[in-house]
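Asks: Pasting a structure below so you can have a look.
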Amino acid sequence: MKKLVLILFVLILIMGCKDKYIEGPMVYPSDIEVNEKIYADEYEEFIDRYLDSFINDGTSLLPHYNGKDITWVVESGNAKIENNIIYKNEVSNEYENISLRAYLNDTSYVFDDIELIDPYVGYLITYFVGDGLKNEKLFYAWSYDGFLWYDINFQKPVLSASIGTRRLRDPSFIRKKNGEFTLVATEGFDNPDIFAFDTFNFKDFENERLIKLNTSKDGSMSETQAWAPEGFYDRRFNKYVIVWSSPNDQNMFYSYSNDLNDISYPSVLVDVGFPVIDGTILKVGAEYSIVLKDERKPMEKYSQLFIGYSDTDYRNFEHFNLDFFSGHQSEGPFIIKSGYEYIVYYDDYTRNKFKAYKTLAINTNEFIEVKDEDIISSIESIKHGSAIPLTWKEYERLKEHYDTGEN
C-alpha cells in the first residue's frame, strides 16, 4: 500500500511539473501587399539594391557602376558628403533618416528611407545554453573583434518567455528603423509560432507576443515548425523580412511584416531539393550569401554547413556549393565581420564546442578554420548564437544595466 501511495505521489508530482502552455497575444498571418518597384533602368535598380537600409557615419558610397562615375548629394536629412564619403553633421540625430540623389549617365535617381547611424563598435551575441526551461532563455555575450568574447551578466539569463511553451531558443535581434530592436526566437521545438519582444536598451522588453509563421491558406504547410528566425529591414519595400526554416516542410521560408506586429503568409526562400535549416544571410553591396545546414539523414554523413549565393536578391538564391566546409556535424551558424574578414561561428553540437571558420568572401567557399586557442572566451555553453553589430551609444545603453565582463 505504501508503495502504491508513493507511486501515485510521484505521478502527481510529475504531472504537476509538466510544462504547461500559457496563452498569450498571437499575431496571425494576413495578406500584406509588397509593391515591387518599377525602375527607370538597370542603373537605378542596381544602386537601389546596393544601398543598405542602415548606413554608418563615415561610409564610402558607391563610386561608379558599369564604367560610369556616380556623384552623390544629400537630398534630405542632416548629413554631408565629402570625397564620396557620407558623414553626419552637427545637428544629426542618433538615427537620421535621409534621402540621397545619385547623378550618373546624365540622369539622377533619388533613394529614400535610409537610416544614417553611428559607426559600429562591436557585436552583441544572443544565445541559449541547452534543453529545458532553465536553459531555454536569452543570454548575452559581447565581442569587439570577433575573437575575444566577454560574457554579459555573469552568464546568467537576461530574459525568460512567459507565454506559449516558454521555451525560448535560437534568439536573434532585428534592427528597426526607429532605433528599437525586436528579439525573435524559436518557440520550443515543434511549434508553428515564434516569440517576439521589443526593446530599446536590451534590458527592458515589452509587447511579448507569438507570431504564427508556419501556416498557409491552402493547407500546404505542415504547421509544425518555425525554427531559427532571423530578420532584417528592406528599405526598398519598407518591410521587415523574417527568414526561418521547417525541416518538415523541406525548405527555408521568408515572411514580410510592416512593423513586426503583423506577418504575411510564407514564401519559399531556399529550395535545394532536400531539408535545410538554420540559414543566416549576409548582404555585401548588391550581393547576398547564405550559410545553412544540410538536415538530411543520416546526420553523421550530412548535418554540416554549406553556402548559397545570389548576385540579384535574397529571394533568388540560385547558386549553391554543396561541398561542406565545416567538416563535422554542425548547426546554428552566424557571421561576424572582423576587419576585412568574415568569421562564421557555429555550434559543433556533438562535441559541445563553439567553432569558427574565416574567409575574405563567403561566396568563394574558401574557408580557413580558426584555431581553438584563437577564440578567447570563458563562456561555458553557446547554443545557436546570433550576432548583431551595435554602435557605441547602443552598447552604452546595455552597459548601464549589465556587467559586461570588461572590468
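Asks: How many residues does the stretch 202-219 contain that are in a loop (DSSP other than H, G, I, E, B) and of a type in the set (A, V, I, L, M, F, W, C)?
Replies: 2
Asks: Something else about it: Working only within the stretch 365-399, note down all residues that are at pLDDT 95 or above, under 27 Å from Glu180 (Cα atoms) and of a type outside the set (A, V, I, L, M, F, W, C).
Replies: Result: Ser386, Pro389, Thr391, Lys393, Glu394, Tyr395, Glu396, Arg397, Lys399.
Asks: Inside the stretch 53-154, counting only strands (runs of 3 or more DSSP E) that do not spill past its ends, which hold 1 or more residues that are within 29 Å of Pro333 (Cα to Cα)?
Replies: Result: 54-56, 107-117, 120-128, 139-143, 149-151.
Asks: Tell me which of these Asp374 doesn't satisfy, since it passes every other one: (1) more than 24 Å from Arg167 (Cα to Cα); (2) surrounded by 17 or more Cβ atoms within 10 Å (Cβ to Cβ); (3) touching a residue at least 60 places away in the same chain (Cβ under 8 Å).
Replies: It fails just one condition, (2).
Asks: I'd like to check something: does the stretch 377-385 contain any residue that is surrounded by fewer than 19 Cβ atoms within 10 Å (Cβ to Cβ), in contact (Cβ under 8 Å) with a residue 24 or more places away in the chain and acidic (Asp, Glu)?
Replies: Yes, the stretch 377-385 contains at least one residue that is surrounded by fewer than 19 Cβ atoms within 10 Å (Cβ to Cβ), in contact (Cβ under 8 Å) with a residue 24 or more places away in the chain and acidic (Asp, Glu).
Asks: Which members of the stretch 155-201 meet the condition of being assigned to a strand (DSSP E or B) and basic (Lys, Arg)?
Replies: Those that are assigned to a strand (DSSP E or B) and basic (Lys, Arg): Arg169, Arg175.
Residue by residue, here is whether (1) modelled with pLDDT of 95 or more; (2) acidic (Asp, Glu); (3) in contact with a His (Cβ under 8 Å, 6 or more places away or on another chain) holds:
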| site | (1), (2), (3) |
| --- | --- |
| Val276 | yes, no, no |
| Gly279 | yes, no, no |
| Glu287 | yes, yes, no |
| Leu292 | yes, no, no |
| Pro298 | no, no, no |
| Tyr309 | yes, no, yes |
| Tyr314 | yes, no, no |
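Asks: Looking only at residues that are part of a helix (DSSP H, G or I) and at pLDDT 90 or above in the stretch 1-48, which one is surrounded by the fewest Cβ atoms within 10 Å (Cβ to Cβ)?
Replies: Glu42
Asks: Go through the stretch 43-74 and give me each residue that's under 26 Å from Ser267 (Cα atoms) and over 29 Å from the mean Cα position of the chain (by Cα).
Replies: Listed by number, the list is empty, since nothing qualifies.
Asks: Oh, and also: Taking the stretch 220-240 as the region of interest, how many residues are of a type in the set (Ser, Thr, Tyr) and assigned to a strand (DSSP E or B)?
Replies: 2
Asks: A follow-up question, please. When you check Glu180 against the structure, is it within 27 Å of Phe237 (Cβ to Cβ), among the acidic types (Asp, Glu) and in the same structural domain as Gly279 (by TED's automatic domain parsing), yes or no?
Replies: yes
Asks: Phe139 is checked against (1) crowded, with 22+ Cβ neighbours inside 10 Å; (2) in contact with an Asp or Glu (Cβ under 8 Å, 6 or more places away or on another chain); (3) of a type in the set (A, V, I, L, M, F, W, C) and fails just one. What number does that condition carry?
Replies: Every condition holds for Phe139 apart from (2).
Asks: Then there is this: When the residues of the stretch 92-107 are filtered to those that are within 31 Å of the chain's Cα centre (by Cα) and free of Cβ contacts under 8 Å to residues at least 24 places away in the same chain, which remaining residue is surrounded by the most Cβ atoms within 10 Å (Cβ to Cβ)?
Replies: Glu96
Asks: Of these, Thr391, Thr404, which one is outside the structural domain of Glu187 (by TED's automatic domain parsing), under 24 Å from Val158 (Cβ atoms) and surrounded by 12 or more Cβ atoms within 10 Å (Cβ to Cβ)?
Replies: After applying the criteria, what remains is Thr404.
Asks: If you scan the stretch 190-237, which residues turn out to be more than 18 Å from Glu180 (Cα to Cα) and among the hydrophobic types (A, V, I, L, M, F, W, C)?
Replies: Once the filter is applied, which keeps residues that are more than 18 Å from Glu180 (Cα to Cα) and among the hydrophobic types (A, V, I, L, M, F, W, C), the stretch 190-237 yields Ile194, Leu210, Ile211, Leu213, Met221, Ala226, Trp227, Ala228, Phe237.
Asks: A further question follows. Report every pair of residues separated by at least 6 positions or lying on different chains whose Cβ atoms are under 6 Å apart, first residue within the stretch 280-291 and within 14 Å of Asp48 (Cα to Cα), second of a type in the set (Lys, Arg).
Replies: Ala286/Arg49
Asks: Go through the stretch 296-322 and give me each residue that's closer than 17 Å to Asn248 by Cβ, surrounded by fewer than 19 Cβ atoms within 10 Å (Cβ to Cβ) and either among the basic types (Lys, Arg) or in contact with a strand residue (DSSP E or B) (Cβ under 7 Å, 6 or more places away or on another chain) (or both).
Replies: Arg296, Lys297, Tyr302
Asks: Return yes or no: is Lys293 of a type in the set (Lys, Arg) and surrounded by 18 or more Cβ atoms within 10 Å (Cβ to Cβ)?
Replies: Yes; evaluated as a whole, the condition is true for this residue.
To keep it simple, each residue is scored yes or no on (1) farther than 15 Å from Glu115 by Cβ; (2) out of contact with any Asp or Glu (no Cβ under 9 Å at 6 or more places or on another chain); (3) of a type in the set (Ser, Thr, Tyr); (4) assigned by TED's automatic domain parsing to the domain that holds Lys177.
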site	(1), (2), (3), (4)
Ile32	yes, no, no, no
Ile47	yes, yes, no, no
Lys68	yes, yes, no, no
Asn84	yes, yes, no, no
Ser92	no, no, yes, no
Ile98	no, no, no, no
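The values are calculated or read from the model by the stated rules, or taken from the named source; none is laboratory data. This one's a predicted model, so the numbers in the text were calculated from it and none came from an experiment. Cβ sites come from the backbone with ideal geometry, for glycine too, and all protein chains shown count toward neighbours.
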